[in-house]
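Comments concern the structure below.
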Amino acid sequence: MEEDGSNSNRRMSSRTRKVASKMVAALASSDNRTQAALARLDALENDNAGFEVPDPNIDDDDASLDDDDQGFMQRKQSKGTKRKTRQAKALEARKAPRTFLELLHDANLESLPPHVPSYWKAAVGPPSSTARRHFCTVCGFSANYTCVRCGMRFCSNRCQNVHNDTRCLKFVA
Amino acid sequence: MSTTTQVVVLDNGGGLIKAGFGGERDPSAILPNCLHKPLASKKWLHPNPLNTPASAEQDLTSASVRRPMDRGYLINPDLQREIWSHLFTSILRINPSQSSLLLTEPLFSLPSIQHSLDELVFEDFNFTSLYVADSPSLVHLYETSRSPNGLLSKAQCSLVVDCGFSFTHASPVFQNFTLNYAVKRIDLGGKALTNYLKELISFRSVNVMDETFIIDDVKENLCFVSVDVPRHLNIARKSGKENLLRCTYVLPDGVSHTKGFVKYPEQANRYLSDGKEMKEDVDDHEEILQQQHENNRQKVDLTKNEFDLTNERFLVPEMIFRPADLGMNQAGLPDCIVRAVNACHPHLHPVLYESIILTGGSTLFPHFAERLEKELRPLVPDDYDVKITTQEDPLLGVWRGGSLLASSPDFDSMCVTKAEYEELGSARCRKRFFH
Ligand SMILES: [Zn+2]
Ligand SMILES: [Zn+2]
């Protein structure tokens, strides 16, 4: 996903802060497989906050919409409601709390002296053995094949077809 | 300070709030820390406390969720204020300005988050005083009080493994203090497990991506930790009655039942029938069950109001042990424990391995401790014992420790008062809690 940045400058400034640092890395890379893997992990922390079109009169939360959906709705909304009231704007500001990863970024923990325990230092770190077991993402059994486009695993022709039809690159959008 | 001031004990989890009064054995309220909006509702509603009958009546099919916490930390103080306000006024019925508060906070919280919490406590709710505690030290305190002559109490240390909603921590505790510098965290907890299960079911049978509450129930009732993954994978592959792992979950239909349920609970528990060795022979009763089951399976495709689970039942909790399988660049729980222990003074190593305490909702999966021991043992030097205990109630252990601390004679002197907060500000008051 290449960001050309010209048509969505206004959105970008707030969105880039919103996404996880690993997501930033993923977006910067053009590697679909990395992107797919990271987006999938990020989705594991999502809430189903409701996917209906935001109505400024209802105190709604769109925090878990993915980038494209949100960008889309934002544009659609601003087209339709040119004369957005101050109240609606205030509501909108209130309903978009900053994510933990944003707060973490602002806390600038990297500047702490090395002996001070911190969120980053408490992370368990990479696995000691690099042996990764592979389970078919379609049926769950041991999988020997990797999708060349997205890197997900499948075990058989049958599962490959299901994968291609329903889930390949789903998290990349 | 007056001794008549009551202490409110609030274990403010990312998934569940446990709240009640210092000195009591159990919290008065266990409440999802969220607002939800059922399909039929235009407004965001407060969930009913789980320990009340009203909770069972709420129809949460396809309900949207808003949580004040993200990855275990408070990000939305406005929403938390709303939830606490409801909790204090309508559920606990307390007056904060006449109460003291013992509040749990996740390890490594950020100064900006601590600041918002202090504001909530003192400026929005006017509590008279506050004590902030971390979960591992409360768990340790509770467990030592339960067996004053046990190893834990003698050695004054333990390794608390808290596998909760947002993340998993292995935390060494020494003389009632959590050794922050040695704590290790895996970024996986019950929330990610539920989302992973949603994903698997949605791709394989029915779209349940919007069914957080239902899939939580599926996870809690049907998932287990495998002590032998290859063997269970083989069994899950078998067809018909030989597949001792297959079970069926019925989704709510919104008419006759608003909650989902396990279709044949006996069938679902076959794998547990005698621990590791599953019953491979199937008796008549089972056969009938199976037949009913096969008949019902034909309905499945027409109505899609139920789905089968096989290997999902153990592949989901498997993530805690091998996050790398999912593509996460993080070590699993056994390594996490070893790394936490190794970050402590070598004198502590043998006692820590002998005093591992499991707590948090995600340790409730059957066979969790057994599997952990099986994988941990080979990583620990031979001359050290490995002893793992699961808390009697892994959901309430932290709260109970808090209740104990709140009723101790020293409690008042440990708190920061509202006056001190007003004089010193958030940052300086905070220093008191962890030194
Ligand atoms: Zn497959
Ligand atoms: Zn693919």
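The conditions are (1) of a type outside the set (Asp, Glu); (2) under 23 Å from B:Ser135 (Cβ atoms); (3) more than 13 Å from chain A (Cβ to nearest Cβ), and B:Pro350 fails exactly one of them. Which is it?
(2)
Which condition breaks for B:Lys241 when tested against (1) crowded, with 19+ Cβ neighbours inside 10 Å; (2) modelled with pLDDT under 90; (3) not in a loop (DSSP other than H, G, I, E, B)?
(1)
Would you check which residues across the stretch B:317-342 are more than 10 Å from chain A (Cβ to nearest Cβ) and touching a Lys or Arg at 6+ places or on another chain (Cβ under 8 Å) and list them?
B:Phe321
Just a yes or no: is a residue in the stretch B:86-97 within 11 Å of chain A (Cβ to nearest Cβ), closer than 26 Å to B:Pro136 by Cα and at pLDDT 95 or above? Break it down into steps so the answer makes sense when it comes.
Keep residues of the stretch B:86-97 that are within 11 Å of chain A (Cβ to nearest Cβ), which gives none.
No, the stretch B:86-97 contains no residue that is within 11 Å of chain A (Cβ to nearest Cβ), closer than 26 Å to B:Pro136 by Cα and at pLDDT 95 or above.
Return yes when B:Thr363 is among the β-branched types (Val, Ile, Thr) and either outside any helix (DSSP H, G or I) or more than 20 Å from B:Lys18 (Cα to Cα) (or both) and no when it is not.
Values: among the β-branched types (Val, Ile, Thr): yes; either outside any helix (DSSP H, G or I) or more than 20 Å from B:Lys18 (Cα to Cα) (or both): no.
Considered against the rule, which asks whether it is among the β-branched types (Val, Ile, Thr) and either outside any helix (DSSP H, G or I) or more than 20 Å from B:Lys18 (Cα to Cα) (or both), B:Thr363 comes out as no.
Are any of the residues in the stretch A:128-135 within 16 Å of ligand 2 (Cβ to nearest atom), touching a strand residue (DSSP E or B) at 6+ places or on another chain (Cβ under 9 Å) and of a type outside the set (A, V, I, L, M)?
Initially, the stretch A:128-135 is screened for residues within 16 Å of ligand 2 (Cβ to nearest atom), giving A:134-135.
Within this subset, residues satisfying the condition of being touching a strand residue (DSSP E or B) at 6+ places or on another chain (Cβ under 9 Å) are A:134-135.
Checking which are of a type outside the set (A, V, I, L, M) leaves us with A:134-135.
Checked against the condition, which is being within 16 Å of ligand 2 (Cβ to nearest atom), touching a strand residue (DSSP E or B) at 6+ places or on another chain (Cβ under 9 Å) and of a type outside the set (A, V, I, L, M), the stretch A:128-135 yields at least one hit.
Is it the case, given these coordinates, that B:Leu379 is crowded, with 18+ Cβ neighbours inside 10 Å and out of contact with any Cys (no Cβ under 7 Å at 6 or more places or on another chain)?
Values: crowded, with 18+ Cβ neighbours inside 10 Å: no; out of contact with any Cys (no Cβ under 7 Å at 6 or more places or on another chain): yes.
No.
Confirm whether B:Ser171 is surrounded by fewer than 20 Cβ atoms within 10 Å (Cβ to Cβ) and either touching a residue at least 60 places away in the same chain (Cβ under 8 Å) or under 22 Å from B:Pro68 (Cβ atoms) (or both). Please lay out each step first, then the result.
Working: surrounded by fewer than 20 Cβ atoms within 10 Å (Cβ to Cβ): no; either touching a residue at least 60 places away in the same chain (Cβ under 8 Å) or under 22 Å from B:Pro68 (Cβ atoms) (or both): yes.
The answer is no for B:Ser171.
Can we say A:Asp165 is within 8 Å of another protein chain (Cβ to nearest Cβ), outside any loop (DSSP other than H, G, I, E, B), modelled with pLDDT of 80 or more and away from ligand 1 (no atom under 11 Å from the Cβ)?
On the way: within 8 Å of another protein chain (Cβ to nearest Cβ): no; outside any loop (DSSP other than H, G, I, E, B): yes; modelled with pLDDT of 80 or more: yes; away from ligand 1 (no atom under 11 Å from the Cβ): yes.
When the stated conditions are applied, A:Asp165 does not pass them.
Out of (1) at the interface with chain B (Cβ under 9 Å from one of its Cβ atoms); (2) outside any loop (DSSP other than H, G, I, E, B); (3) within 16 Å of ligand 1 (Cβ to nearest atom), what's the single condition that is false for A:Gln160?
Checking A:Gln160 against (1) at the interface with chain B (Cβ under 9 Å from one of its Cβ atoms); (2) outside any loop (DSSP other than H, G, I, E, B); (3) within 16 Å of ligand 1 (Cβ to nearest atom), the one that fails is (1).
I'd like to know if the stretch A:118-128 contains one or more residues that are of a type in the set (Val, Ile, Thr) and within 26 Å of the chain's Cα centre (by Cα).
Residues of the stretch A:118-128 of a type in the set (Val, Ile, Thr): A:124.
Subsequent filtering for residues that are within 26 Å of the chain's Cα centre (by Cα) retains A:124.
Yes.
Scan B:Asp335, B:Asp325 and give me the residue that is of a type in the set (D, E, K, R) and surrounded by fewer than 23 Cβ atoms within 10 Å (Cβ to Cβ). Spell out how you get there, then give the answer.
Numbers: B:Asp335 fails: surrounded by fewer than 23 Cβ atoms within 10 Å (Cβ to Cβ).
Only one candidate qualifies: B:Asp325.
Would you confirm whether any residue within the stretch B:100-107 is under 18 Å from the mean Cα position of the chain (by Cα), under 21 Å from B:Ile337 (Cα atoms) and not in a strand (DSSP E or B)?
yes
Tell me, yes or no, whether the stretch B:112-127 has at least one residue that is modelled with pLDDT of 95 or more, within 20 Å of B:Ile30 (Cβ to Cβ) and in contact with a helix residue (DSSP H, G or I) (Cβ under 8 Å, 6 or more places away or on another chain).
Within the stretch B:112-127 (the criterion being modelled with pLDDT of 95 or more, within 20 Å of B:Ile30 (Cβ to Cβ) and in contact with a helix residue (DSSP H, G or I) (Cβ under 8 Å, 6 or more places away or on another chain)), the answer is no, since none of the residues qualifies.
Restricting the search to the stretch B:31-74, which residues are without any contact (Cβ under 8 Å) to a residue 60 or more places away in the chain, more than 30 Å from B:Phe108 (Cβ to Cβ) and in contact with a helix residue (DSSP H, G or I) (Cβ under 6 Å, 6 or more places away or on another chain)?
B:Asn48
Taking the stretch B:98-119 on its own, how many of its residues are within 14 Å of chain A (Cβ to nearest Cβ) and either touching a residue at least 12 places away in the same chain (Cβ under 8 Å) or among the acidic types (Asp, Glu) (or both)?
Of all residues in the stretch B:98-119, those within 14 Å of chain A (Cβ to nearest Cβ) come to B:105-117.
Now narrow it down to the ones that are either touching a residue at least 12 places away in the same chain (Cβ under 8 Å) or among the acidic types (Asp, Glu) (or both): B:105-111, B:113-117.
Final tally of qualifying residues: 12.
Go through the stretch A:129-167 residue by residue and tally those that are more than 22 Å from the chain's Cα centre (by Cα) and at positive phi.
Of the residues in the stretch A:129-167, 1 are more than 22 Å from the chain's Cα centre (by Cα) and at positive phi.
Mind listing whichever residues of the stretch A:141-165 are away from ligand 2 (no atom under 12 Å from the Cβ) and surrounded by fewer than 18 Cβ atoms within 10 Å (Cβ to Cβ)?
Answer for the stretch A:141-165, where residues must be away from ligand 2 (no atom under 12 Å from the Cβ) and surrounded by fewer than 18 Cβ atoms within 10 Å (Cβ to Cβ): A:Ser142, A:Asn144, A:Ser156, A:Asn157, A:Arg158.
When B:Leu10 is evaluated against the numbered criteria (1) in a strand (DSSP E or B); (2) free of Cβ contacts under 8 Å to residues at least 24 places away in the same chain, which criterion, by number, is the only one it fails?
(2)
The values are calculated or read from the model by the stated rules, or taken from the named source; none is laboratory data. Here the structure is a predicted model, which means the values were calculated and not measured. A quick note on method: Cβ atoms are made from the backbone with ideal geometry, for glycine too, and the neighbour counts reach across all protein chains shown.
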